[in-house]
Amino acid sequence: MLHALKPAAQALRTTLEITDITEDASHLAGFEGHERVVLGRDETRGLIAIVAIHDTRLGPALGGTRVWKHESLEAAITDALRLSRGMTYKSAIAGMPFGGGKAVIMANAKTEKTPELLEAYAEMLSVLDGDYYTGEDVGLTLADADFLRARTPNVTGTTLGGSENPSPVTAHGVFLGLKASVAHRFGRADLAGLRVAVQGLGSVGRRLCEELHEAGAKLVVADIDAARVETARADFSAEMMGSDAIALADADVFAPCALGGIIHQGMIGTIKAKVIAGAANNQLAEEADAERLRERGILYAPDYVINSGGLINVASELLPGGYDHARAMRLVETIPATLADIFARAEAAGLPTDTVAQALAEERLSAA
Ligand code: NAI
């Protein structure tokens, strides 16, 4: 049974229908802890969108919108649910006054993302009335975010908002976090001569390589795009490896900057690196992998802590006074101290770093 949301909004002359599907979604994997799940449908303009609002105790929910053609509505809802909790934790740990949410527009980003569809989605965001702020994600570009922002204030990470491309900020946060991880695991403050294996040379990975190279690290790199690997080899005298093999490279640090689920039971036993510190979201295939890493003495920098620079950057647009790059960078510079705290607590308690990071986020949420 679907329940109509905000009858006042429905009274507007619009072809958009918004329904609260919280109850209907409650049996799906990843639902636990969600406050609200909303479905927007507009047959005329081709929109089917799900907004999952996980937690607003610290502030309005913030999280990107994916444009992806899932095979069913249930799969799309599950995807949004799976990703929104991580946003709550990311914001809480980064000390930002926002909660977590995520949205999925069920459409092919190349063929179905029309201006009419985006207009209907902007309307949906306005109806949510500031409970949810969104921005770029898979299939939703900066140009799309700008288009939405021209129609609703509930969009961040836009040209108008001024924060622009978050990737260099994310990369800098990962670089600082990687250094903090090395300091904890190897007891050294510098990276000179250390072997770092970077998987994925996209917007974040490439920039991270630049910072690592400048700091004197020796790079081992992989990407499915051969041209990116070749450029890294030429620019940084990097060693090249296969995309899958790199996770097991003979290196001190492994920095996953491509895909999620890259760390799993089948390979943890053969990882040579003593530190895992990279940008990719959802690096662990399952929660139990955190304990498997701990048992092997591999220090894992929880992904949503070390890669929070991107979130900090876009969220900064919504802070009083609007976007201020220097302030965003100061917030990013707190990432190493947060990681050091998590590492120390994890060691003292004999717990995986991921478990401690989650507990820290929960602590901040409960205190709110
Ligand atoms: P991107 O799309 O610019 O780069 C990804 C790179 O990984 C591409 O060069 C691609 O060819 C490569 N790749 C894909 N599959 C691969 C494989 N199997 N093996 C090796 N390389 C592969 O993405 P971006 O923005 O650099 O993000 C990287 C990761 O960091 C993603 O997981 C993203 O979710 C995460 N992240 C990014 C943030 C940002 O500010 N851009 C913020 C937080 C997380």
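The values are calculated or read from the model by the stated rules, or taken from the named source; none is laboratory data. In this text the structure is predicted, and so the values were computed from the model without any measurement. With ideal geometry, Cβ positions are generated from the backbone for all residues, glycine too; neighbour counts draw on all protein chains shown. In case anyone asks, the SASA skips ligands and DNA or RNA and just uses the protein heavy atoms, side chains included. Shrake-Rupley method; radii C 1.70, N 1.55, O 1.52, S 1.80 Å.
How many residues, within segment 232-247, are within 11 Å of the ligand (Cβ to nearest atom), surrounded by fewer than 19 Cβ atoms within 10 Å (Cβ to Cβ) and of a type outside the set (Asp, Glu)? Qualifying residue count for the region: 3.
Looking only at residues in segment 20-50 that are more than 11 Å from TYR121 (Cα to Cα), in a loop (DSSP other than H, G, I, E, B) and among the small types (Gly, Ala, Ser), the one that is nearest to the chain's Cα centre (by Cα) is GLY30. Looking across segment 104-138, the residues that are under 15 Å from LYS69 (Cβ atoms) and within 16 Å of the ligand (Cβ to nearest atom) come down to VAL104, ALA109, LYS110, ASP137, VAL138. Criterion first (touching a strand residue (DSSP E or B) at 6+ places or on another chain (Cβ under 6 Å), at pLDDT 95 or above and over 15 Å from TYR132 (Cα atoms)) does ALA61 satisfy it? When the stated conditions are applied, ALA61 does not pass them. Of the residues that sit in segment 152-192 and are within 12 Å of the ligand (Cβ to nearest atom) and of a type in the set (Val, Ile, Thr), which one is farthest from ALA251 (Cα to Cα)? Result: VAL169.
With respect to the conditions (1) more than 11 Å from the ligand (Cβ to nearest atom); (2) open to solvent by less than 40 Å² (accessible area, probe 1.4 Å); (3) in contact (Cβ under 8 Å) with a residue 60 or more places away in the chain, VAL198 lacks only one, and its number is (1). The C-beta contact set for segment 298-313 (first residue more than 25 Å from THR158 (Cβ to Cβ), second residue buried (at least 24 other Cβ atoms within 10 Å of the Cβ) and of a type in the set (Ser, Thr, Tyr), distance under 6 angstrom, 6+ apart or interchain) comprises LEU299/SER181; TYR300/THR353; ALA301/SER181; PRO302/THR353.
The lone criterion from (1) closer than 27 Å to ASN165 by Cβ; (2) open to solvent by 10 Å² or more (accessible area, probe 1.4 Å) left unmet by HIS34 is number (1).
Return yes or no: is ALA227 near the ligand (Cβ under 10 Å from one of its atoms), modelled with pLDDT of 95 or more and surrounded by fewer than 19 Cβ atoms within 10 Å (Cβ to Cβ)? So ALA227 passes the test.
Among the residues making up segment 273-284, a single one is within 16 Å of the ligand (Cβ to nearest atom), open to solvent by less than 10 Å² (accessible area, probe 1.4 Å) and in contact with a Ser or Thr (Cβ under 7 Å, 6 or more places away or on another chain): ALA277. Looking only at residues of segment 248-261 that are within 14 Å of the ligand (Cβ to nearest atom) and crowded, with 23+ Cβ neighbours inside 10 Å, we find that the one that is farthest from PHE186 (Cα to Cα) is CYS257. The numbered conditions (1) more than 16 Å from the ligand (Cβ to nearest atom); (2) open to solvent by less than 10 Å² (accessible area, probe 1.4 Å); (3) of a type outside the set (Gly, Ala, Ser); (4) touching a residue at least 40 places away in the same chain (Cβ under 8 Å) are all true for GLU287 except (2). ALA80 passes every criterion in (1) part of a strand (DSSP E or B); (2) more than 16 Å from TYR304 (Cα to Cα) apart from (1). Checking the stated criteria, ALA344 turns out to be surrounded by fewer than 16 Cβ atoms within 10 Å (Cβ to Cβ), among the hydrophobic types (A, V, I, L, M, F, W, C), in contact with a helix residue (DSSP H, G or I) (Cβ under 9 Å, 6 or more places away or on another chain) and in a helix (DSSP H, G or I).
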